[in-house]
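Colleague: For reference, the structure I am asking about is given below.
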Amino acid sequence: LKMAETDVDDPVWDKFFTEPDAVVENLIERGRIALIYRDSYCARMNTQFGYKTEIDGQLAWACNCYGFGSKGLRPQIAGPKVLIAYVYDGRRYEVSLYAPEGTDADVGRIAQKYGGGGHKDAAGFIC
């Protein structure tokens, strides 16, 4: 269910106002369970496949854990300036860059160096 990507005028949203409270509460609980699974899965991925690296002279944490956004990255090191999620499909890498809260890294500028784009806190490129 990709409600965050669903147009606000889509009738699916009407269900939150017309369905019994129990149905809505069930959806909320299922969402909590999904978040617990996501967090557990991503923690395992970061433990098994994450590693300390550098990009553009910045300390970074990278993990082959794509598709979860910045929530999927669980650095196993202190103080990374950049978080890197990537996936390789046999032909190319899709790379997402995130600046952890409180850092001064501009990942949009870094991504531009590799032909990508974005903004200061989140960006990406394909190589």
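The values are calculated or read from the model by the stated rules, or taken from the named source; none is laboratory data. All figures in this text were calculated on a predicted structure; none of them were measured in a lab. Glycine also receives a Cβ, built like all others from the backbone with ideal geometry; neighbour counts cover every protein chain displayed. Just the protein is used for accessible areas: all its heavy atoms, side chains included, with ligands, DNA and RNA removed. Shrake-Rupley method; radii C 1.70, N 1.55, O 1.52, S 1.80 Å.
Colleague: When the helix-only estimate is applied to the chain (DSSP H runs of n ≥ 4, each -39,500 (n - 2.57), divided by the residue count), what is the mean residue ellipticity at 222 nm, nearest 500 deg cm²/dmol?
Modeller: The per-residue figure over the chain is -10000 deg cm²/dmol.
Colleague: Hey, another quick one. So what's the angle, to the nearest 10 degrees on a 0 to 90 scale, between helix 21-49 and the longest Cα principal axis of the chain?
Modeller: Orientation of helix 21-49: about 20 degrees from the principal axis.
Colleague: For A60, what is the net charge nearby, where nearby means another residue's Cβ is under 15 Å from its Cβ and Lys, Arg count +1, Asp, Glu -1?
Modeller: Residues close to A60 contribute a combined charge of 0.
Colleague: Using only Cα positions of segment 10-126, each an equal point scatterer, no hydration layer, compute I(q)/I(0) via Debye at q = 0.16, 0.17, 0.20, 0.22 Å⁻¹ and quote the log10 values to two decimals.
Modeller: The Debye formula, applied to the Cα set alone, gives -0.77, -0.82, -0.99, -1.12.
Colleague: Can you run phi through the Karplus equation (6.51, -1.76, 1.60; θ = phi - 60°) for segment 85-95 and list ³J(HN,Hα) in whole Hz, with x for Gly and Pro?
Modeller: My calculation for segment 85-95 gives 10, 8, 9, 10, 9, x, 10, 8, 9, 10, 10 Hz in order.
Colleague: Run the accessible area of the chain with a 1.4 Å probe and give the carbon-and-sulfur part as a rounded percent.
Modeller: 53 percent
Colleague: Also, quick follow-up: Starting from segment 31-121, pick out the trypsin sites (Lys or Arg not before Pro) whose DSSP state is loop and whose Cβ has at most 10 other Cβ atoms within 10 Å.
Modeller: Those satisfying the criteria are R91, R92.
Colleague: Just give me a number: lysine pairs in the chain, eight or more positions apart or cross-chain, with C-alpha atoms less than 29 Å apart.
Modeller: Final tally of qualifying lysine pairs is 13.
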